[in-house]
Amino acid sequence: MPAWDITPSGVDSVASLVGLAMDDMAKDVKAYGEDMKSAAASAGTIGAGYCGASAPPGAVGIALAVFMDGKMGDVLSLGARSANAVNGAIDATNHYIDGDLRKAATAQRNAGKAPDVEKLLADARKKSDPGEK
């Protein structure tokens, strides 16, 4: 096992900075989604003549929706990986402080694992559709 030389206060400081950056990123992602939704709505519709009903979205609106759906997994994965890395660093540091280097190594190794993107997508879709359970 490699030697460990961790400064817990340094880990805490970096974790705090990463947390702030993640908060900013979440705000940017939310704004990006709202802007894309607005762009899709402003891109026009298929045609006129829909009395009392919304006209179906046009080709640009559909393309934007398909693009967003395709990128959603990447965006969710980025946030989940960042959270895993920060939480893993904190867990590893706590185990290091407790003197359990085996658990510290396990926490460090688990921090780098890729999140389950399909589960993230399913959870995000459930949150966006309150009628779905």
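In degrees, nearest 10, range 0 to 90: what is the angle between the Cα axis of helix 101-111 and the longest Cα principal axis of the chain? Once rounded, the angle reads 10 degrees. Here the sum of -39500 (n - 2.57) over DSSP H runs of 4 or more residues, divided by the residues of the chain, equals -26000 deg cm²/dmol at 222 nm, to the nearest 500. The local environment of Ala21, defined by Cβ-Cβ distances under 12 Å, has a net charge of -2 under the rule Lys, Arg +1 and Asp, Glu -1.
Taking 0.36 nm per residue of separation and subtracting the Cα-Cα distance, full extension of the segment from Ala83 to Val60 would add 4.9 nm. In this simple spin-label model, placing a label point 7 Å from the Cα along the Cα-to-Cβ direction at both Asp5 and Ser128 gives a separation of 4.7 nm.
Helix 59-98 and the longest principal axis of the C-alpha atoms of the chain enclose an angle of approximately 10°.
Readers should treat all values here as calculations from the given coordinates under stated rules, not as data from a laboratory. None of these values were measured; they are calculated from a predicted model. In this analysis, Cβ positions are derived from the backbone assuming ideal geometry, glycine residues included, and neighbour counts consider all displayed protein chains.
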